[in-house]
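Below is a structure I'd like to ask you about.
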Amino acid sequence: MNDLSLIEQQEIDQMVLLWLNEVRKKTIAAMQQQLNVYTKNDQRDLVTNVDRENERFLTDKIRHYDTSAHIISEEGFGDRQLTMAGNMWFVDPIDGTMNFVKQQSDFAIMIALYRENKPVLAWILDVVNNIVYHGGPAIGVFANQLKLAPPNNESLSEGIVLLSGARLLYGMFGYDRIAKEALGYRVIGAAGPSFIRVILGQAVGYSSKMMPWDFAAGRILAESLGLLVSDIDGKPLDMLSSNIVLVATDRAHRDILTLHKS
Ligand code: IPD
Ligand code: CA
Ligand code: CA
């Protein structure tokens, strides 16, 4: 059970919104300067000084506020985590680093809180447009102060599907069949901005291979709006490892699972 009262959850939500406001200002200021860009596993896997500074800032805030916090984050300031017991915070300090570096758009800062493996609260900050998508199963989902309604339950052939470009290119996981069946398909190149489009009903589904910090926040917001989130075989996500994640409307979820298996 998530035993935090509604008021406690609203207080945490407001506090994290203040952190995000601060980290947004730092990020915008850093974008006016020369970024230091480094590669990690390969030439497409980028990290910048802003990714690292943001993660240090946010993990410091979390640890100061919640002394029992466990943190899973991308750039090394988190903990090594083997279970989902207790308060688990997920941090992606810049999601879509290549978009951040090359486009200065379609990137996000993401935080999620799970308690005893149950979704509690999530935040996806669209830095450039200054919109935070935030909330959870108890308090509802908001774009800044505006409460969001569940998106229409459209099928795959009625809407746009978002897919990982690399896997679409090589026809993995049935992505080629899924793209053909959809009304349209797009590659956004970042998990948070893709989740936002599905949450807003601009896309009927999104699938990509993701790490926990890529999908932890999007999962909470999507499920809180009645969308389905699973792996590409329809099974529950493993919150502690990478998954081929699928978020979709009920109807598109069914369509995509069928095409994946065929
Ligand atoms: C990446 C993006 C991308 C996904 C990669 C992620 P990052 O996040 O979300 O869409 O395909 O797997 O790593 O590394 O830019 O935070
Ligand atoms: Ca990242
Ligand atoms: Ca990411």
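The values are calculated or read from the model by the stated rules, or taken from the named source; none is laboratory data. What you see is a predicted model; the values in this text were computed from it and never measured. Cβ sites come from the backbone with ideal geometry, for glycine too, and all protein chains shown count toward neighbours.
What residue, of 207, 164, is touching a strand residue (DSSP E or B) at 6+ places or on another chain (Cβ under 9 Å), closer than 19 Å to residue 255 by Cα and within 16 Å of ligand 2 (Cβ to nearest atom)?
Result of the check over 207, 164: 164.
From 226, 174, 201, grab the single residue that is modelled with pLDDT under 95, more than 14 Å from the chain's Cα centre (by Cα), of a type outside the set (Val, Ile, Thr) and not in a strand (DSSP E or B).
The match here is 174.
Same structure again: Would you check which residues across the stretch 89-106 are in a loop (DSSP other than H, G, I, E, B) and either away from ligand 1 (no atom under 14 Å from the Cβ) or among the polar types (S, T, N, Q) (or both) and list them?
Selection gives 103, 104, 105.
Considering only residues that are in contact (Cβ under 8 Å) with a residue 40 or more places away in the chain and polar (S, T, N, Q), look in the stretch 102-130 and name the one that is nearest to ligand 3 (Cβ to nearest atom).
Among those that are in contact (Cβ under 8 Å) with a residue 40 or more places away in the chain and polar (S, T, N, Q), it is 104.
Residues 153, 99: which one is among the polar types (S, T, N, Q) and away from ligand 3 (no atom under 16 Å from the Cβ)?
Step by step, each of 153, 99 is checked, and only 153 is among the polar types (S, T, N, Q) and away from ligand 3 (no atom under 16 Å from the Cβ).
Sticking with this one: Report, ordered by the first and then the second residue, all pairs with beta carbons closer than 6 Å, sequence separation of six or more or different chains, a first member in the stretch 189-218 that is over 17 Å from residue 173 (Cβ atoms) and of a type in the set (A, V, I, L, M, F, W, C), and a second member that is assigned to a helix (DSSP H, G or I) and within 12 Å of ligand 2 (Cβ to nearest atom).
190/99
If you go through the stretch 107-128 one residue at a time, do you hit one that is assigned to a loop (DSSP other than H, G, I, E, B), in the same structural domain as residue 72 (by TED's automatic domain parsing), touching a Gly at 6+ places or on another chain (Cβ under 9 Å) and within 16 Å of ligand 2 (Cβ to nearest atom)?
yes
Yes/no per residue for (1) out of contact with any Ser or Thr (no Cβ under 6 Å at 6 or more places or on another chain); (2) assigned to a strand (DSSP E or B); (3) in contact (Cβ under 8 Å) with a residue 12 or more places away in the chain; (4) within 19 Å of residue 108 (Cα to Cα):
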{"position": "26", "(1), (2), (3), (4)": "yes, no, yes, yes"}
{"position": "33", "(1), (2), (3), (4)": "yes, no, no, yes"}
{"position": "38", "(1), (2), (3), (4)": "yes, yes, no, yes"}
{"position": "56", "(1), (2), (3), (4)": "yes, no, yes, yes"}
{"position": "71", "(1), (2), (3), (4)": "no, yes, yes, yes"}
{"position": "80", "(1), (2), (3), (4)": "yes, no, no, no"}
{"position": "84", "(1), (2), (3), (4)": "yes, no, yes, no"}
